[in-house]
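Novice: Below is one structure. I have some questions about it.
The values are calculated or read from the model by the stated rules, or taken from the named source; none is laboratory data. Keep in mind it's a predicted model, so treat the numbers as computed, not measured. Neighbour counts run over all protein chains shown; Cβ positions are idealised from the backbone, glycine included. Note: areas computed on protein heavy atoms with side chains; ligands, DNA, RNA excluded. Shrake-Rupley method; radii C 1.70, N 1.55, O 1.52, S 1.80 Å.
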Amino acid sequence: MSQIEVAQIIEQIKQEITVDSNGQGKASIRATARLADVQDSSLRRALLSAALQPSALAQSLIQQGFSPAALETWNEGIPDMGVAAVIEYYAFDAGRHCKQQARLVCKAFNRIGVRAWMQDIMGWTKPATQPQEQPSTPALPPVEQRLHTLVLAMKTLAELTGGRLNPYTEQQFKDYAGNLLAEHNRKLLTATEERWLGVVNFAESELGKKVPLSGAHYRGHLGTWVRTFSPQLGDRQETRLVNGVQQPIYVYACHDPAVADGLTKAIEEFFAHPSPGAALRQAGAFASKKEPVMTK
């Protein structure tokens with residue numbers, strides 16, 4: 001028996017091999033018996049004996065993890081891994097019943113595997129997978145909707161408090177609405193996606209920080225900290241609403257990743273410092289007598 005004769009046998013049994021959509025192959029008992037050079041009736045009896053008095057082949061297959069119930073179903077076709085186990089048995093483990101042809105087939109299969117061999121002779125190719133849809137990027141609602149929500153929220157708060165809304169909270173609402181409209185109008189005029197934010201707005205809206213009005217880490221010191229220790233982030237000023245009054249504040253190009261990263265680093269360092277006021281005095285931040293610029 002030569003490899004040429006083995007190739008001829010493989011060509012003859014090709015019609016008795018199938019490969020499903022997942023690439024898993026299956027061969028008939030007759031095809032498997034031809035590969036192992038045994039009678040298909042003998043192979044069928046050996047497999048059906050698994051439930052009662054397992055044959056030597058059945059015992060070998062059970063030891064490899066195949067259940068007796070599974071072996072009984074192989075009458076309808078032997079899975080590719082089962083074909084490999086049967087051929088290996090008749091190649092090396094069947095004692096005086098070992099077959100030279102089974103050794104040749106086993107040697108050929110060892111190079112690529114039975115499943116790959118079945119896929120190859122059947123011309124199976126892995127189906128193209130559909131690309132997964134990328135989740136849409138979350139976007140803020142339109143300005144009109146956000147303002148409407150803001151008005152409803154103010155109305156609800158007023159009803160809950162009996163009209164005694166905290167003045168500071170009320171002014172914050174008004175400042176937010178005014179600046180929201182101003183930012184919206186600026187974008188309409190310039191047709192850009194630029195975002196210029198005060199350092200406090202950036203800390204609260206982008207980083208989730210709560211910047212207090214007083215104490216060691218109050219908002220005035222935060223603005224001075226950024227201008228003192230990170231002057232490279234910019235020195236642009238714009239007039240914004242602060243406590244109901246139009247005042248100049250420093251704003252930063254938060255649409256620029258480098259600026260946003262720099263702001264984040266500076267803000268984290270500010271809140272991590274136990275006494276930022278002392279650090280600012282040591283750096284001479286309060287030595288200048290220039291007119292102060294508000295921070296928002």
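Novice: Give me the accessible area per residue for the stretch 1-118, probe 1.4 Å, as a whole number in Å².
Specialist: 54
Novice: Can you run phi through the Karplus equation (6.51, -1.76, 1.60; θ = phi - 60°) for the stretch 229-239 and list ³J(HN,Hα) in whole Hz, with x for Gly and Pro?
Specialist: Ordered by residue, 3J(HN,Hα) equals 9, 9, x, 5, 6, x, 9, 6, 10, 9, 8 Hz.
Novice: In percent, how large is the relative contact order of the stretch 28-71, given Cα pairs closer than 8 Å and 6 or more residues apart?
Specialist: Over the stretch 28-71, the number comes to 26 percent.
Novice: Of Ser28, Ser67, Ser21, which has the most accessible area with a 1.4 Å probe, and how do the rest follow in descending order?
Specialist: Ser21, Ser67, Ser28
Novice: Whole-Hz ³J(HN,Hα) for each residue in the stretch 29-39, computed from phi via Karplus 6.51 cos²θ - 1.76 cosθ + 1.60 with θ = phi - 60°, x for glycine and proline: what do you get?
Specialist: Karplus values, whole Hz, x for Gly and Pro: 4, 4, 5, 5, 5, 4, 5, 8, 6, 10, 6.
Novice: By how many nm would the segment from Thr161 to Asp235 grow when fully extended, if each residue of separation counts as 0.36 nm and the alpha-carbon distance is taken off?
Specialist: Going from the current span to full extension adds 22.6 nm.
Novice: Let me ask another. Could you list which residues have their amide H under 5 Å from that of Ile78, counting only those 5 or more apart in sequence or on another chain, with H placed in the peptide plane?
Specialist: Ala27, Ser28, Ile29
Novice: Taking H placed 1.01 Å from N in the peptide plane, check which residues at least 5 places from Leu197 or on another chain put their amide H under 5 Å from its amide H.
Specialist: Under 5 Å from the amide H of Leu197: Tyr252, Cys254.
Novice: Mind checking which aspartates and glutamates have their C-alpha under 12 Å from Lys99, skipping anything on the same chain fewer than 8 residues away?
Specialist: Partners within reach: Asp37, Glu88.
Novice: Mind checking the full-extension length gain between Glu194 and Gln132? Use 0.36 nm per residue of separation minus the Cα-Cα distance, one decimal, nm.
Specialist: 19.2 nm
Novice: What percent do you get for the relative contact order of the stretch 37-124 when only Cα pairs under 8 Å and 6+ apart count?
Specialist: 22
Novice: Trypsin sites (Lys or Arg not before Pro) within the stretch 220-281: which are DSSP loop residues with at most 13 other Cβ atoms inside 10 Å?
Specialist: Sparse-neighbourhood loop trypsin sites (Lys or Arg not before Pro): Arg236.
Novice: Given the protein chains as shown and a 1.4 Å probe, how many square angstrom of Met81 are accessible, to the nearest 10?
Specialist: Accessible surface of Met81 is approximately 100 Å².
Novice: Now for a different question. Which whole-Hz couplings ³J(HN,Hα) result when phi for each residue of the stretch 81-97 is put into the Karplus expression 6.51 cos²θ - 1.76 cosθ + 1.60, θ = phi - 60°, listed in order with x for Gly and Pro?
Specialist: Calculated HN-Hα couplings, in order: 5, x, 4, 4, 5, 5, 5, 5, 4, 6, 7, 9, 10, 8, x, 5, 9 Hz.
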